[in-house]
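Step one of this worksheet: look at the structure below.
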Amino acid sequence: MQHRRKPASAAAPPAAKQQPARRPTARLSLAGLVVSVFLIATFLYSEDVVKAASGSSGSSSGSKTTTAAAEVGASGRARSPDLRVLQEAAHQDVEADALHARQEAEEQEDRDRKEAQHEQQQQPLALPEGVVPEEELVENTKRQQEEQTQKQPPPQAVADAAAIAGCDLYRGRWTFDAAGEQAPLYRESECEFLTEQVTCMRNGRRDDSYQKWRWQPDGCDLPRYDARLLLERLRNKRLMFVGDSLNRNQWESMVCLVQSVVPWGHKTLQKFVNNGSLNVFTAHDYNATVEFYWAPFLVESNSDDPQVHSIMDRVIAWRAIAKHAKNWKGVDYLVFNSYIWWLNTFEMKVMKGTRRRGHQQQQQQEKERWSKYALVDRPVAYREVLKTWAKWVDRHIDPNRTRVFFMGMSPNHITPWAWGNNGGIKCAMETQPISNDRTGRLDIGTDWRLHGVARGVLARYLRRVPVQFVDITGLSELRKDAHTSVHTLRQGKLLTPEQQADPKTYADCIHWCLPGLPDTWNHFLYAHIISPSPPSSSSQDH
């Protein structure tokens, strides 16, 4: 079977359906489309970047946009983004913001400055806080200089205090000051704090010559007394006398020496505080106190009652000091003495046992406590008591804060034949000191053994705390004229004319009139207190 051959025209498809003719045309259109899209996208991206830069760079950015458009127009395509251009644009934004802020701040400051100047023109000038006007500054400086001048010792006082260094103040002579230029240091009538026990002129003594003797050391002069300088030294401090009625006598003298420059109403005196053992004078403007604490033996004894202590049968507890000593802590100047109460007997009664046992049984055991004792020779007992005292001082006193003094023995004058008055009666009617030019030993009954014991204990048992020994004994032995004698009290009452006529019974030849000898003792203290610096342990008067 023969196939029929198809004609040529039938074998070839129509021209419209020929794929080779259409494929080239389609391939060219797709490539052009892709290129066009790419160019348009690139152009738009470049235009956005240029616009962003133009927003911060002002008029210069317009030229950049024009340049970019020209470049696109010239080349037919846009350049790819440049990272350097972007960073510069960002920096320019920051700098532009900062510049703008700075300009605004400067403008605001300029406006504030102009407003402040306008306000200052309308109001008085106000100084910044903490700045003192020049006039007030000058006034404050002047006032401070005046106050400092008052606090500083006068140049002459400094020179006088320095001059006594190395000088034995207690070796010299009594000199009569007829004009009263340096003695007395105050008037009896000017000191309202004196007790009747010591106001001899008020109590009937007719001569006042005992007030006009001043002590002149050999080789130096005592510094001239200045009450204000002493009070400056005592500012914010406590001065305390501790001991027996002779130390109370000296305390009254010191009160009178300082109170004279304190205005009325700015000074007070409290008596029998702290269970009666303490008297306190206060100079309020200086916050200074001058105090007296009753402890006749320094250690505990059956004579510790400050108001009822006239006990002939005296007993001491020579190791018991804490009850008294607790009142001495924190004091800036301590002045101790103990002598006159030791002279009642040749042997001292020393309690067996040193401390109380059981506080609750104290009252029941008090009499029994003091009834058990041993008899000890006076110098031995005195040494043991001072050892107890010295050990306490060395352990408990801060030498950087507190200065300590121990007064020598205040003598009695009950043996007139010792100074050549064979017809005399004790110290009655004596109006002159014993002569400075006297030759030979003066024996008026002073127990010099206790004087030696005191110096020995101070030298041996005080290693850490220097104690100044104020050696008043020898110079005071010459002052038979300065006692209260019959111009005083007896058991709290002034002597009657009948009693005054019986000096053998009633003359007090132990205590001293004021003004009088205790002022000289305090003049020694004054010289030490105003001295430039406390004495070292090597220079203390042991």
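Laid out as a table, the results:
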{"item": "Under the Karplus curve 6.51 cos²θ - 1.76 cosθ + 1.60, θ = phi - 60°, whole-Hz ³J(HN,Hα) for the range 425-437, x wherever Gly or Pro sits", "result": "10, 6, 9, 5, 6, 7, 10, 10, x, 5, 4, 5, 8"}
{"item": "Residue-wise HN-Hα coupling along the range 281-295, computed from phi with Karplus coefficients 6.51, -1.76, 1.60 (Hz; x: Gly, Pro)", "result": "9, 10, 9, 5, 5, 9, 6, 10, 10, 10, 10, 10, 10, 7, 7"}
{"item": "Whether the range 392-519 is rounded, prolate or oblate, judged on the alpha carbon gyration tensor where a/c under 1.5 counts as rounded", "result": "prolate"}
{"item": "Extended-chain gain in nm, criterion 0.36 nm per residue less alpha-carbon gap, Gln491 and Lys387", "result": "34.1 nm"}
{"item": "Simple label model, 7 Å out from Cα along Cβ direction - Arg460 to Trp417, nm", "result": "3.6"}
{"item": "Sorted peptide list for 402-415, 421-434, criterion being average Cβ within 10 angstrom, highest first", "result": "402-415, 421-434"}
{"item": "Rounded, prolate or oblate (a/c below 1.5 giving rounded, otherwise prolate when a/b exceeds b/c) for the range 163-256 by Cα gyration tensor", "result": "oblate"}
{"item": "Residue order for Arg463, Arg233, Arg383 - accessible surface, 1.4 angstrom probe, largest first", "result": "Arg463, Arg383, Arg233"}
{"item": "Cut-off under 5 Å, modelled amide H: who pairs with Ala320 long-range", "result": "Glu300"}
{"item": "Length gained when the stretch Thr175-Ser310 is fully extended (0.36 nm per residue, less Cα-Cα span)", "result": "44.9 nm"}
{"item": "Cβ-defined net charge surrounding Asn203, 12 Å radius [Lys, Arg +1; Asp, Glu -1]", "result": "+2"}
{"item": "Sites Gln432 and Asn344, calculated FRET efficiency, Cβ-Cβ separation with R0 35 Å, nearest 0.05", "result": "0.75"}
{"item": "Net charge of Cβ neighbours under 9 Å - reference Phe297; Lys, Arg +1; Asp, Glu -1", "result": "-2"}
{"item": "Probe 1.4 Å, all protein chains present, accessible-area order of Lys114, Lys323, largest first", "result": "Lys114, Lys323"}
{"item": "Global geometry of the range 210-301, whether rounded, prolate or oblate, following the gyration tensor of its Cα atoms and the 1.5 cut on a/c", "result": "oblate"}
{"item": "Listed peptides 165-174, 288-297, 466-475 by packing density, highest first (mean Cβ within 10 Å)", "result": "288-297, 466-475, 165-174"}
{"item": "Burial order of peptide ranges 332-341, 435-444, 257-266 (average beta-carbon count within 10 Å, highest first)", "result": "332-341, 257-266, 435-444"}
{"item": "Filter on Lys237/Lys271; Lys326/Lys372; Lys271/Lys504; Lys326/Lys387; Lys323/Lys493 - keep pairs with C-alpha separation over 21 Å", "result": "Lys326/Lys372; Lys271/Lys504; Lys323/Lys493"}
{"item": "Length gained when the stretch Ser260-Gln216 is fully extended (0.36 nm per residue, less Cα-Cα span)", "result": "13.4 nm"}
{"item": "For the range 282-357 and the range 376-440, distance of Cα centres in Å", "result": "16"}
{"item": "Under 17 Å from the Asn287 label point (7 Å along Cα→beta-carbon), backbone N, the range 235-258", "result": "235-239"}
{"item": "Viscosity 1.567 mPa s, temperature 4 °C, Stokes-Einstein D of the range 411-467 from Kirkwood C-alpha radius, µm²/s", "result": "93"}
{"item": "Whole-Hz couplings from phi, Karplus 6.51/-1.76/1.60, listed for the range 481-494; x for Gly and Pro", "result": "7, 9, 7, 6, 6, 9, 9, 7, 9, 9, 6, x, 10, 5"}
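The values are calculated or read from the model by the stated rules, or taken from the named source; none is laboratory data. Computed from a predicted model, the values in this text were never measured in an experiment. In this analysis, Cβ positions are derived from the backbone assuming ideal geometry, glycine residues included, and neighbour counts consider all displayed protein chains. SASA here: full protein model, heavy atoms, side chains in, ligands and nucleic acids out. Shrake-Rupley method; radii C 1.70, N 1.55, O 1.52, S 1.80 Å.
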